[in-house]
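Engineer: Here's a structure for you.
What follows draws every value from the coordinates through simple rules; no lab data is involved. Small disclaimer: the values here were computed from a predicted structure and weren't measured. Methodologically, a virtual Cβ is constructed for each residue, glycine included, from the backbone with ideal geometry; neighbour enumeration extends over all protein chains shown.
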Amino acid sequence: MQPLLDRIEAAARRTAEDGRTAQYIPALARVDPKKFALAVVTKEGAEYTAGDADEPFSIQSISKLFTLALAMEWIGESLWDRVTREPSGMRFNSIIQLETENGVPRNPFINAGAIVVTDALLHTRPSIAVGFRNQMRLLSRDESIRYDSEVHRSEIATGDMNRAAAFLLKAKGNLTEDPIEATNVYFQFCSLAMSARQLARAALFLVAPQPGDAALAKGTHALRLRAIMRTCGLYDQSGEFAFRVGLPAKSGVGGGIVAVNPAKGYAACAWSPPLDKFGNSIAATEALALLAAETGV
């Protein structure tokens, strides 16, 4: 596996030149575009890495995977009365579809859907920001994981579209808490800083049950989560990613993509800040495509 990851790094790094970092969040626009990481963690506990695999980065919408998993565990089936499970076919922060569909987001991985999930968690657990961070520490077996306060402030300063979605959700009766508080907590989730190695470890519950005290360790909802990852995990490029890569995955505009391969028993995370027009990392997509091709799906 290690020689394979080294080859993938050499091949995938070059493709990053075709993208650019997320410009609408100042803290992300300043990230070094030459950074690259790839980490693979197996269900047996082996870890393989290439590049900057221990450098923390802003996980952004990768957080939506883990907050959804917690909501499925802690809230249950009633969550699906407020958000559906269909691909949106529109940009991840669009509110046009939300208005036409009476305030019910298409899926939990677009921003409006993630705000509903955040609201549901916040309603039942007011200290969810601390709880989420602690869950990620448990899953990744690393107590050093922290929120990035600079990224959080940057998100708040530039988050008008998300606040607009939250107020629309409130107007349609699909938000329980204050829209400003709900969006600020949502921004905080996105600002969590983790490395590729830590994220690969954290996603391993989607492959096999894990030891420990994390609420998600048993992987109770892993099958359903992987299904939503396949259909909605890469925004409106999810179909192309499924066709090309074939792994359930979730991306974030910080440049990270988490993917899992249950058949082969591993979780992986690739990170490269330059994005394509859909908001997905170009080099991370290439790295996971090469990994899937070499290991089988």
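Engineer: How big is the Rg/Rh ratio for the chain, C-alpha atoms only, Rh by Kirkwood, two decimals?
Structural biologist: Ratio of gyration radius to Kirkwood radius: 0.94.
Engineer: I've got another one for you. Going by amide H atoms built from the backbone, whose H comes under 5 Å of the H on Leu192, apart from near neighbours?
Structural biologist: Under 5 Å from the amide H of Leu192 lie the amide H atoms of Ile59, Gln60, Asp148, each far enough along the sequence or on another chain.
Engineer: Spin-label point model (7 Å from Cα, Cβ direction): what's the Glu181 to Asp213 distance in nm?
Structural biologist: The answer from the label model is 2.7 nm.
Engineer: Roughly how compact is segment 117-176, stated as its Cα Rg over 2.2 N^0.38 Å to two decimals?
Structural biologist: 1.36
Engineer: Tabulate in residue order the Karplus-calculated ³J(HN,Hα) for segment 115-123, using 6.51 cos²θ - 1.76 cosθ + 1.60 with θ = phi - 60°, rounded to whole Hz; enter x for Gly and Pro.
Structural biologist: Karplus-based 3J(HN,Hα) across segment 115-123 equals 5, 5, 4, 4, 4, 5, 5, 5, 5 Hz.
Engineer: How long are the semi-axes of the equivalent ellipsoid of segment 1-62, defined as square roots of 5 times the Cα gyration tensor eigenvalues? Whole Å, largest first.
Structural biologist: 25, 15, 8
Engineer: Also: Working from the alpha-carbon coordinates of segment 196-278, get Rg over Rh, Rh being the Kirkwood radius.
Structural biologist: The Rg/Rh ratio comes out at 0.97.
Engineer: Here's something else I'd like to know. Arrange the peptides 271-284, 188-201 so that the one whose residues have, on average, the most other Cβ atoms within 10 Å appears first.
Structural biologist: So the order, starting with the most tightly packed, is 188-201, 271-284.
Engineer: Next up: Starting from the Kirkwood radius over alpha-carbon pairs of segment 37-117, derive D by Stokes-Einstein at 25 °C in a medium of 0.890 mPa s and give it in µm² s⁻¹.
Structural biologist: Approximately 167 µm²/s, per Stokes-Einstein.
Engineer: GNM, the chain, Cα, under 10 Å: largest mean-square fluctuation among Ala242, Ala157, Ala214?
Structural biologist: Ala157
Engineer: Still on this structure, I have one more. Over all distinct Cα pairs, what is the inverse of the mean 1/r for segment 1-155, reported as the Kirkwood hydrodynamic radius in Å?
Structural biologist: Value: 18.1 Å, from the Cα pair sum.
Engineer: Using a Debye calculation, one point per C-alpha and no hydration shell, please list log10 I(q)/I(0) for segment 257-297 at q = 0.22, 0.25, 0.26, 0.27 Å⁻¹ in order.
Structural biologist: Relative scattering, expressed as log10 I(q)/I(0), comes to -0.68, -0.81, -0.85, -0.89.
Engineer: Given N residues in segment 38-81, what is Rg(Cα) / (2.2 N^0.38 Å)?
Structural biologist: 1.63
Engineer: On to the next question. Ranked highest first by the average count of other Cβ atoms within 10 Å around their residues, in what order do 147-154, 111-118, 36-43 fall?
Structural biologist: Put in order of decreasing packing, that is 111-118, 36-43, 147-154.
Engineer: Oh, and also: Counting only pairs 8 or more places apart or on different chains, how many lysine pairs in the chain have C-alpha atoms closer than 18 Å?
Structural biologist: For the chain, the number of qualifying lysine pairs is 4.
Engineer: Angle, helix 160-171 long axis vs. longest principal axis of the chain, Cα atoms, 0 to 90°, nearest 10?
Structural biologist: Taking Cα atoms only, the helix is inclined about 50 degrees.
Engineer: Report, as a whole number in µm² per second, the diffusion coefficient that Stokes-Einstein gives for segment 113-246 at 37 °C and 0.692 mPa s using the Kirkwood radius over alpha carbon pairs.
Structural biologist: My calculation gives 201 µm²/s for D.
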